[in-house]
Structures are given as C-alpha cells and as structure tokens.
Amino acid sequence: MILKEEENYWTERYIGKKTGWDIGYPSTPIKAYVDQLQDKTLHILIPGAGNAYEAEYLWKVGFENVHILDISEVPLKEFKKRNPDFPNANMHQADFFEFKGQYDLIIEQTFFCSFVPTDANRNQYAKHMASLLKTNGKLVGLWFNIPLTGNMEKRPFGGSKKLYIKYLSAYFKTFTFDHCYNSIKPRQGNELFGIFQVR
C-alpha cells in the first residue's frame, strides 16, 4: 500500500469508529511498566499511537519528553482535545518508516500487528525501530499472540513468540518476552509482553 492509501485506511477506521483495539484507557501491562520507571526525563516515543492513552498517562505523571506518532491526523486531534497542554512539537503525523529521531524508550502497543505481515514489512519494522533508539535504548510493550492467517485484510495481524523473535533478534537483545500475565480480561492469553534492548 502506498502511503496515502495507508493514511486513508486508518483515517476511515477512526472516523467510522472501527477501532475495536481501542480500550479507552492505558493498557494494564504498559501502565504497570511505566509505574516502575524512575527517570522522568526519558525521551519516549509511541508509534502508531492512535488515541494514545499511554502517552496521556505518561504526560500526566510527569514524563517531560513524550512523543506520539500516527499516520492519521484524526486521533492526534482527539488527543490534543483531551490534553491541550501537550506540546504540539511532540505530536507527529508521519509514516513510521520515514520518521526520524532518537529515543531512550519506544512503547509498542501492538503496532507491529497493524502492518500487512510480509517479510519485507516485518524486517523493516525491526530495523527501523532499532534506528530510532539511542545506545542501550529499549523497545517495550505488547504483541498479539494470535494465529497469523492468510487474510491480508484482517487487521490486527497476529503472530507468535517464535515468529516475532525471528524478526527482532537481528537488531535487539531480548530481556523478557512471554505471555502477558496482566492483560485486560478480553485479551487474556492473546498478548505477549516484551522488553528488548537495541544491539
């Protein structure tokens, strides 16, 4: 899909409220991880942020350098309505694969699973994630632990621990990657929580 088609796809999903992944608050596993962080000056990126409840939580508990990225303008505008004091400079409407920056932490909220699951897309995801991280930077968050079917239209796309590691291991060291024990009830058994450090 070319960029404009991809932007239109997600914009239509948001406008049409076809956002079944949107739970309306920070996901429990990511909130629990954030609550352990001590350094409020970390530069943090949330790509494919959507309505960005995790970013909203980070901002409200005092993290100073939170950035959100989405290909569609619609969720960014909604985020700004809820958080009028959030810096405009930290809100980015862009194609993830073209986006530049350097961060200490990238939070993954099943963003990986939004891309059409070709080898090229998944390899490029891992490579670009690594390029956005500073030395010793971390990629932390959730991946769907659901079967990957042959349906190239049914987003989010799934995968397994073994499959994700296949793509991530070239660029990241794995600290932990396992079944998520504190998923919200509708997603119990269907999420993996991972902490990876850039090589």
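The values are calculated or read from the model by the stated rules, or taken from the named source; none is laboratory data. Please read all numbers here as calculations on a predicted model, not as lab measurements. Glycine gets a Cβ as well: all are built from the backbone with ideal geometry, and neighbour counts include every protein chain shown.
Assorted remarks:
- Residue ID - nearest to Tyr9 (Cα to Cα), chosen from residues in the range 36-49 that are part of a loop (DSSP other than H, G, I, E, B) and of a type in the set (A, V, I, L, M): Ala49
- With respect to the conditions (1) closer than 30 Å to Glu5 by Cβ; (2) of a type in the set (A, V, I, L, M, F, W, C); (3) in contact with an Asp or Glu (Cβ under 6 Å, 6 or more places away or on another chain), Leu42 lacks only one, and its number is (1).
- Output for the range 135-158, where each listed residue is buried (at least 20 other Cβ atoms within 10 Å of the Cβ) and either free of Cβ contacts under 8 Å to residues at least 40 places away in the same chain or farther than 14 Å from Gly194 by Cα (or both): Phe157
- The set of residues in the range 50-77 that are part of a loop (DSSP other than H, G, I, E, B) and surrounded by 20 or more Cβ atoms within 10 Å (Cβ to Cβ) comprises Gly50, Asn51, Ala52, Ile71, Ser72.
- Qualifying positions in the range 70-111 - farther than 18 Å from Ala55 by Cβ and aromatic (Phe, Trp, Tyr): Phe97
- Test: residue in the range 15-35 that is among the β-branched types (Val, Ile, Thr), exposed (fewer than 14 other Cβ atoms within 10 Å of the Cβ) and either at pLDDT below 85 or not in a helix (DSSP H, G or I) (or both): yes
- Selection within the range 115-140 - assigned to a strand (DSSP E or B) and among the small types (Gly, Ala, Ser): Gly137
Quick grid of which residues meet (1) under 27 Å from Arg155 (Cα atoms); (2) not small (Gly, Ala, Ser):
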| site | (1), (2) |
| --- | --- |
| Val61 | no, yes |
| Glu64 | no, yes |
| Ile68 | yes, yes |
| Val74 | yes, yes |
| Ala89 | no, no |
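- Test: Leu132 is of a type in the set (A, V, I, L, M) and crowded, with 21+ Cβ neighbours inside 10 Å: no
- Meets criteria (touching a residue at least 40 places away in the same chain (Cβ under 8 Å) and buried (at least 22 other Cβ atoms within 10 Å of the Cβ)) for Asp104: no
- Matching residues in the range 84-99 - criterion: being surrounded by fewer than 16 Cβ atoms within 10 Å (Cβ to Cβ) and closer than 11 Å to Trp59 by Cβ: Asp85, Pro87
- Any hit, the range 171-193, residues being under 25 Å from Asn136 (Cα atoms), surrounded by fewer than 16 Cβ atoms within 10 Å (Cβ to Cβ) and in contact (Cβ under 8 Å) with a residue 40 or more places away in the chain: no
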